[in-house]
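K.L.:
Let me give you the structure first, and then I'll get to my questions.
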Amino acid sequence: MDNRPIGFFDSGLGGLTCMPYLMRELPEEKIIYFGDTARTPYGSKATDTIRKFSIQIADFLVENDVKMIVIACNTVSAVALFDIRERFPNIPVIGIIKPAAEKVIQACSAENRIGIIGTKATILSGVYDQLIKGQNSELNVFSMACPAFVPLIEEGILNNEIMDLTIKHYLNDFLLENRIDTVVLGCTHYPLIRENIERLYPGIKIIDPSQEIISTIKDVLAERDLGAKDSTFGSTFYASDLSENFTNMIDRIFENTEVSIQFKNLEF
Ligand code: DGL
């Protein structure tokens, strides 16, 4: 048993999309979350910059005595997972791409046409392709970078015409030309536009890594006997810029639970 909190982080509010699943599956666990809202988006930045920011955040989480680091960001998982693991060899560090790739392998066959959508850095890294095709070379995998999604989502532009047009801009030809039937939301911000995608492309099957990562967290907690029991910690959500959308989203997710929301400035 270990009552210390789990450290979660993302470039912004995207990683919060894991929270409802976490609360449902692991209600005893407490969280320290860091959203780098001042520097989001990461996905169009150079890999060295993404690595530098991510290590800074991982350091902050470890200073706060987390028992595990969960990279609730596909971009960071694609670019900096091994750097963070190397820096903290004694703390389990979980990336979000592997659990998602495992779900694809388990749920899809050679008949499926799988579309990975994500940030530029995630798609350019090719990590989804490598993990999926490395396990099953018969699977048909196609990828599309959608760099405008994250800035719009961070702005709270969700259920409206602007977002629908942006989705169509990236996905209409991609889905049609490649005859995609399964879309992997390869960015933790994208579950916030899942409804738009389902409405615009009825019948499309969606795989959501924000949900899939929870079973990996569960397994690692069990394997290492790190699960919490009657913890007296409260969950704390830090952001490098306390944007209204960030605080509103936390209020929405934790409507009946008291959590602390704090500003944290990261120095360069
Ligand atoms: N939520 C991050 C991801 O999963 C978004 C990255 C960004 O800031 O561009 O990739």
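The values are calculated or read from the model by the stated rules, or taken from the named source; none is laboratory data. The structure presented is a predicted model; accordingly, all values stated were derived computationally and were not measured. Please note: Cβ atoms are built from the backbone with ideal geometry, for glycine as well, and neighbour counts cover all protein chains shown. Only protein heavy atoms, including side chains, enter the accessible area calculation; ligands, DNA and RNA are left aside. Shrake-Rupley method; radii C 1.70, N 1.55, O 1.52, S 1.80 Å.
K.L.:
Give the residue from 93, 62, 143 lying farthest towards the positive end of the charge dipole for the chain; charges sit on Cβ (+1 for Lys and Arg, -1 for Asp and Glu) and the dipole is referred to the Cα centre.
P.N.:
143
K.L.:
Right, another one. What do you get for the angle between helix 97-107 and the principal long axis of the chain? Use alpha-carbon atoms, 0 to 90 degrees, nearest ten.
P.N.:
50 degrees
K.L.:
Calculate how steeply helix 74-87 sits against the longest principal axis of the alpha-carbon atoms of the chain, using the helix alpha-carbon long axis, and give the answer as 0 to 90 degrees to the nearest 10.
P.N.:
For helix 74-87, the angle is close to 40 degrees.
K.L.:
When the helix-only estimate is applied to the chain (DSSP H runs of n ≥ 4, each -39,500 (n - 2.57), divided by the residue count), what is the mean residue ellipticity at 222 nm, nearest 500 deg cm²/dmol?
P.N.:
Helix contribution divided over all residues of the chain: -13500 deg cm²/dmol.
K.L.:
Placing +1 on the Cβ of each Lys and Arg and -1 on the Cβ of each Asp and Glu in segment 168-268, which of 237, 210, 256 has its Cα farthest towards the positive end of the resulting dipole?
P.N.:
Selected residue: 210.
K.L.:
Counting other Cβ atoms within 10 Å, which GluC sites (Glu not before Pro) in segment 197-257 have at most 11 and lie in a DSSP loop?
P.N.:
Filter output for segment 197-257: 255.
K.L.:
Okay, moving on. So, with a 1.4 angstrom probe, what is the percent of accessible area on the chain that is carbon and sulfur?
P.N.:
Carbon plus sulfur share of accessible area: 47 percent.
K.L.:
Separate question: Past 25 Å, Cα to Cα: identify those pairs from 218/264; 52/168; 67/98; 98/218; 98/168; 52/120, in the order given.
P.N.:
Where the Cα-Cα span goes over 25 Å, the pairs concerned are 218/264; 52/168; 98/168.
K.L.:
Hey, what's the chain come to in accessible area per residue, 1.4 Å probe, Å²?
P.N.:
Here the residues of the chain average 45 Å² of exposed surface.
K.L.:
Now, a different point. For segment 32-126, which GluC sites (Glu not before Pro) are both in a DSSP coil and crowded by at most 16 other Cβ atoms within 10 Å?
P.N.:
Those satisfying the criteria are 111.
K.L.:
Now for a separate question. How would segment 134-268 be classified by its alpha-carbon gyration tensor: rounded, prolate or oblate, with rounded meaning a/c under 1.5 and the a/b versus b/c comparison settling the rest?
P.N.:
In terms of gyration-tensor shape, oblate.
K.L.:
Here's another thing I want to ask about it. Highest first, please rank the peptides 65-77, 148-160, 30-42, 175-187 by the mean number of other Cβ atoms sitting within 10 Å of their residues.
P.N.:
65-77, 30-42, 175-187, 148-160
K.L.:
To the nearest 10 degrees, how steeply does helix 209-223 sit against the main Cα axis of the chain, on a 0 to 90 scale?
P.N.:
Long axis of 209-223 versus the principal axis of the chain: about 40 degrees.
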